[in-house]
Amino acid sequence: MPPKEKPRADYTPKATSPDIGGRKATGSDKLTLVEQRQFIYVRIVRATGLPMNNMTGTCNPFVELKIGNYKGITRCFEQTSNPEWNEVYAFTRDQILGGRLEILVRDKESAINEITGHLSFDLGHIPTRFPPDSPLAPQWYKLEDRNGVKIVGELMLAVWIGNQADDAFPVAWHSDAAAVSGKSVTKTRSNVYLSPVLWYLRIQVIAAQDLAPADRSRKPEAYVKAVLGNLVLRTKVSKDTNLNPTWNEEVMFVAAEPFDDPLVLSVEDKMGADNDACLGRSVIPLHQVEKRLLPQPIGDQWITLQKHVAEGEEKTEVKFVGRLHLRIFLDGVYHVFDEPTYYCSDLRATSPKLWPEKIGVLELGILKAEGLLPTKSKGGRGTTDAYCVAKYGQKWVRTRTIVDSFAPKWNEQYYWDVYDPYTVVTIGVFHNYHLQEGDKNGGKRDPRLGKVRIRLSTLETGRIYTHSYPLIVLQPNGLKKMGELHLAVKFSCSNWIDLFHTYSQPLLPMMHYLKPLSVYQLESLRHQATYTLSLRLGRADPPLSREVVECMLDTGVNRWSLRRGKANCERVMACLSGIVFIWRQFDQTRHWKNSAVTILIYSLFAAMVMSPKLILPAFLLAFFVLGVWRFPKRPRHPPHMDTKLSHAETAQHDELDEEFDTFPTSKQGEALKTRYDRLRGIAGRLMIMIGDLATQLERIHALVSWRDPRATAMFLIFCLIACILVHKVQFRYLVLVAWTYAMRPPRLRVGIPSIPQCFLRRLPAKTDSML
């Protein structure tokens with residue numbers, strides 16, 4: 001009996017019907033795309049007049065909250081009877097089994113069963129508060145003992161029932177993260193991040209003047225070194241070996257506002273392989289650099305170079321050692337790429353004066369995930385602490401972390417302004433490895449559980465899309481489905497005229513076309529932008545780790561992949577398949593496979609030739625009919641990762657191992673030899689194809705090159721005769737004759753190449769000159 005095949009995983013999105021607010025008449029304005037969930041919020045503000053511990057004579061208070069099976073603990077204050085916490089706790093209403101909320105004030109040095117004071121609230125008497133209601137004011141409550149007798153000390157707090165739109169939701173400790181305490185609680189909270197404003201810092205180095213040489217016995221080999229933070233760029237060595245060198249070269253950085261690091265320019269003398277002498281330097285604070293907000297030229301300037309000369313053991317003298325002629329400015333008329341061009345979520349220039357009009361709003365509801373696979377072991381069992389990150393434009397959002405759940409429910413909604421529909425919103429799911437207080441997680445990175453991209457131009461305006469997207473991760477050992485992510489997306493248009501107008505406008509700011517940057521420059525600057533963003537977002541609280549930023553920005557999308565190469569070839573063939581299909585149908589028609597169809601096609605073409613004004617309307621009408629015919633079969637859901645198109649399911653282990661290899665490679669020996677030989681084979685076939693194409697093009701050039709004098713003479717005589725014939729005979733009749741010849745019956749055909757093909761193949765090419 002043959003072994004059963006492993007069932008193939010389903011990698012297609014599926015439509016869902018969640019109970020979201022946007023489909024209800026009573027839905028909240030702020031929660032139109034998520035399921036509204038109720039939370040019991042408890043804000044512990046401060047306490048006063050707490051009694052001292054009878055044993056130690058001190059007061060080290062903290063507050064413990066109990067409701068159902070959940071318990072929350074505030075931080076502990078040392079030796080004070082008037083502590084101030086100002087902490088918020090949120091308990092999910094539908095997960096609570098008990099009927100009362102208990103608040104216990106305890107002392108750190110007391111026994112486990114002893115309490116300083118006690119408060120109790122009946123859940124049925126807790127008030128309800130939903131935005132836009134004002135926040136509930138905290139009140140003082142007299143503490144009680146376990147018997148309900150009032151004792152010394154008061155506690156200021158507020159208790160209310162709210163939903164995800166509450167102002168306290170992002171900063172609260174949630175019962176979904178009950179296993180997390182201490183400083184790690186902040187790493188479970190939801191947050192909104194804004195990318196810093198990125199500028200292109202352009203330094204056009206022109207020349208230097210009056211340099212002081214480091215060694216007067218040799219001619220200086222000067223170049224300019226620019227340092228911004230940890231990034232270093234250099235110009236070429238000047239061809240002028242004198243004290244007034246010229247360069248006329250430009251170096252570019254990506255600078256993030258607010259500007260932390262100054263720009264350091266120095267003129268260096270290349271004295272040896274690793275021996276460069278500084279001839280002078282200048283430190284330029286970036287806030288003093290001129291900003292170009294409109295496409296206008298910026299003037300050049302001279303800056304003074306300085307050099308610190310030692311005088312004795314401690315004293316130094318600042319010496320002026322020449323001038324540097326340059327043009328330096330912060331360029332805001334370009335778009336600073338931090339994502340691949342085809343995954344961009346924002347296409348605007350840095351300068352706000354060049355921004356287009358807002359055309360709409362993107363609403364995203366991150367509902368839940370299902371079927372997540374375990375990513376770590378806890379207590380002898382697998383578990384997952386998942387959170388989501390979404391990026392569109394300069395705004396990043398991070399949901400709260402749901403601890404120890406394979407089916408986390410976030411139900412968080414976010415908004416973005418939209419300026420161009422040809423943009424992509426990216427949503428990634430990650431496991432949080434930073435929840436243990438004081439634990440550096442052994443250097444582990446937050447692993448990716450999957451990613452979803454949605455292009456706004458594929459969405460109908462005003463429609464709510466609710467789908468579950470498979471979370472797919474390609475690993476060195478193969479394709480893996482990590483679960484499913486449920487999303488609700490809506491693109492609302494506020495200005496239809498501007499929306500349609502964007503389709504006639506360039507994608508990028510105008511300067512990208514008037515004075516374009518090279519592909520190498522754009523790729524280098526994109527890596528600089530990614531590095532800058534990862535540093536800035538890594539300093540937030542809670543931080544976005546570097547691996548998360550790099551994953552969301554697709555930093556490794558340009559690395560070599562044999563799998564992607566095959567996929568791209570198939571994409572090209574799929575686009576050309578229509579032309580191939582038309583040619584095959586035409587070939588069958590001209591060979592009279594169906595006589596009736598051949599006669600009909602011949603008659604229609606003859607009619608169009610005799611009435612040329614029908615040709616263009618016929619083509620346009622054909623496109624219109626084709627579009628209307630395909631309208632009922634239009635896609636009903638946004639596109640998602642296609643594993644079959646990407647060759648992700650059929651990729652071999654060695655191909656994936658090569659794709660995930662580092663650069664430079666970390667492999668040695670036989671594996672590296674095998675990959676090199678395979679790459680040589682692919683390159684050899686590509687070389688043959690390019691050579692064949694070059695040969696055919698060179699034969700066309702050889703028609704009038706007189707390399708073959710007889711062939712060129714015959715071609716020129718043919719051109720003269722054809723010129724006279726075309727001048728005397730109307731063009732429509734020539735086309736009709738050519739069409740009749742092409743559609744002649746099979747009995748009048750000969751199975752050999754045509755005269756033009758035979759003639760062209762006999763022409764010489766430069767293949768004979770190749771070594």
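The values are calculated or read from the model by the stated rules, or taken from the named source; none is laboratory data. None of the values given here were measured: they were computed from a predicted structure. Virtual Cβ from ideal backbone geometry, glycine too; neighbours counted across all protein chains shown. Each accessible area value is taken on the protein alone, full model and side chains, heavy atoms only, with ligands, DNA and RNA left out. Shrake-Rupley method; radii C 1.70, N 1.55, O 1.52, S 1.80 Å.
When you work out D = kT/(6 pi eta Rh) for the stretch 357-426 at 37 °C and 0.692 mPa s, using the Kirkwood radius from C-alpha pairs as Rh and the Stokes-Einstein form, the result is 236 µm²/s.
Against the main long axis of the alpha-carbon atoms of the chain, helix 670-701 sits at an angle near 40°. A simple spin-label model places pseudo-atoms 7 Å from Cα toward Cβ; at Val264 and Val361 they are separated by 4.8 nm. If R0 is 25 Å, the Cβ-Cβ spacing of Glu370 and Glu550 corresponds to a FRET efficiency of close to 0.40.
Would you mind calculating the gained length between Met687 and Ala178 on full extension (0.36 nm times residue separation, minus the Cα-Cα distance), in nm to one decimal? Mind dumping the intermediate values first?
On the way: separation 509, 0.36 × 509 = 183.24 nm, distance 6.16 nm.
The span from Met687 to Ala178 would gain 177.1 nm if fully extended.
In the context of the full set of protein chains, the chain has a per residue accessible area of 57 Å² (1.4 Å probe). The trypsin sites (Lys or Arg not before Pro) of the stretch 611-661 meeting both criteria, a DSSP state outside H, G, I, E and B (loop) and at most 13 other C-beta atoms within 10 angstrom of the site's C-beta, are Arg636, Lys644. Counting only aspartates and glutamates at least 8 places from Lys358 when in the same chain, those with an alpha carbon closer than 13 Å to its own are Asp346, Asp417, Asp420, Asp498. For Lys219, a cut-off of 26 angstrom between C-alpha atoms picks up these lysines, skipping any fewer than 8 places away in its own chain: Lys236, Lys239, Lys270, Lys307, Lys319. Measuring nothing but protein heavy atoms, the accessible surface of the chain at 1.4 Å probe radius is 58 percent carbon and sulfur.
Between amide H atoms placed 1.01 Å from N, distances below 5 Å from Leu305 occur with Val321, Gly322, Arg323, Leu324, all of them 5 or more places distant or on a separate chain.
What is the sum of charges around Trp160, taking Lys and Arg as +1, Asp and Glu as -1, for the other residues whose C-beta is under 10 Å from the C-beta of Trp160? All intermediate terms of the calculation are to be shown ahead of the outcome.
Values: positive: Arg43, Arg129; negative: Asp133, Asp166.
The answer is 0.
Spacing of the modelled spin labels on Glu257 and Leu771, each 7 Å from Cα toward Cβ, amounts to 5.5 nm. Projected onto their three principal axes, the Cα atoms of the stretch 426-569 cover extents of 54, 40, 40 Å, largest first. If R0 is taken as 35 Å, the Cβ-Cβ distance between Val283 and Phe663 corresponds to a FRET efficiency of 0.55.
Convex hull volume of the C-alpha atoms in the stretch 134-276, normalised per residue: 265 Å³.
Hey, what do the phi angles of the stretch 288-297 turn into as Karplus ³J(HN,Hα) couplings, whole Hz, using 6.51/-1.76/1.60 and θ = phi - 60°, x for Gly and Pro? Result, ordered by residue: 9, 7, 5, 9, 9, 9, 10, x, 10, x Hz. Rounded to the nearest 20, the size of the Cβ-charge dipole of the chain about its Cα centre is 3800 debye, with Lys and Arg at +1 and Asp and Glu at -1.
Against the chain, whose longest principal axis is taken from its Cα atoms, helix 731-742 shows a tilt of about 90°. The value for the stretch 236-309 of Rg(Cα) / (2.2 N^0.38 Å) is 1.33. Checking the cross-link pairs Lys368/Lys633; Lys409/Lys451; Lys30/Lys353 against a 28 Å limit on the alpha carbon distance flags Lys368/Lys633; Lys30/Lys353 as lying beyond it. Would you work out which of Val489, Ser377, Ile44 lies farthest towards the positive end of the dipole of the chain? Charges go on Cβ: Lys and Arg +1, Asp and Glu -1. Value: Val489. Using the Karplus relation 6.51 cos²θ - 1.76 cosθ + 1.60 with θ = phi - 60°, the per-residue 3J(HN,Hα) values for the stretch 30-37 come to 8, 10, 8, 10, 10, 6, 6, 10 Hz, with x marking Gly and Pro. Listed by chain and number, the lysines placed with their C-alpha closer than 19 angstrom to that of Lys108 are Lys66, Lys71, Lys183; residues fewer than eight positions away on the same chain are left out.
How many percent of Cα pairs in the stretch 575-615 exceed 17 Å? For the stretch 575-615, the fraction of Cα-Cα distances above 17 Å is 44 percent.
Kindly provide the Kirkwood hydrodynamic radius of the stretch 584-730 in Å, to one decimal, from all pairs of distinct alpha carbon atoms.
For the stretch 584-730, inverting the mean 1/r across all distinct Cα pairs yields 23.2 Å.
Scaled against 2.2 N^0.38 Å for its residue count N, the alpha carbon radius of gyration of the stretch 570-644 is 1.50. Counting every C-alpha pair in the stretch 264-378, the share spaced more than 20 angstrom apart comes to 70%.
What's the local net charge at Gly229, with K and R +1, D and E -1, over the other residues with C-beta under 12 Å away? Summing Lys/Arg as +1 and Asp/Glu as -1 gives -1. Helix 709-728 and the long axis of the chain differ in direction by around 90°, with both axes built from C-alpha atoms. Taking the charge dipole of the chain about its Cα centre, with +1 at Lys and Arg Cβ atoms and -1 at Asp and Glu Cβ atoms, the residue from Ala277, Phe500, Phe406 reaching farthest to the positive side is Phe500. Report the calculated FRET efficiency for Val625 and Ile700 (r = Cβ-Cβ distance, R0 = 41 Å), to the nearest 0.05. Once rounded, the FRET efficiency stands at 0.65.
Dipole orientation for the chain: of the candidates Phe759, Pro213, Pro356, Phe759 has the Cα lying most toward the positive pole (charges on Cβ; Lys, Arg +1; Asp, Glu -1). Between Arg218 and Glu144, residue separation times 0.36 nm minus the direct Cα-Cα distance comes to 17.7 nm. Run a plain Debye calculation on the chain (Cα atoms as equal point scatterers, no solvent) and give log10 I(q)/I(0) at q = 0.05, 0.06, 0.08 Å⁻¹, rounded to two decimals, same order as the q list. Each listed q maps to, in turn, -0.44, -0.62, -0.99. Other residues within the sphere of radius under 10 Å centred on the Cβ of Tyr469, judged by their own Cβ, net out at +2 (K and R +1, D and E -1). Using just its DSSP H runs of length 4 or more, each adding -39500 (n - 2.57), the chain gives a mean residue ellipticity at 222 nm of -7500 deg cm²/dmol after division by all residues. Here, the stretch 507-626 has an Rg and a Dmax of 26.3, 76 Å when only alpha carbons are counted.
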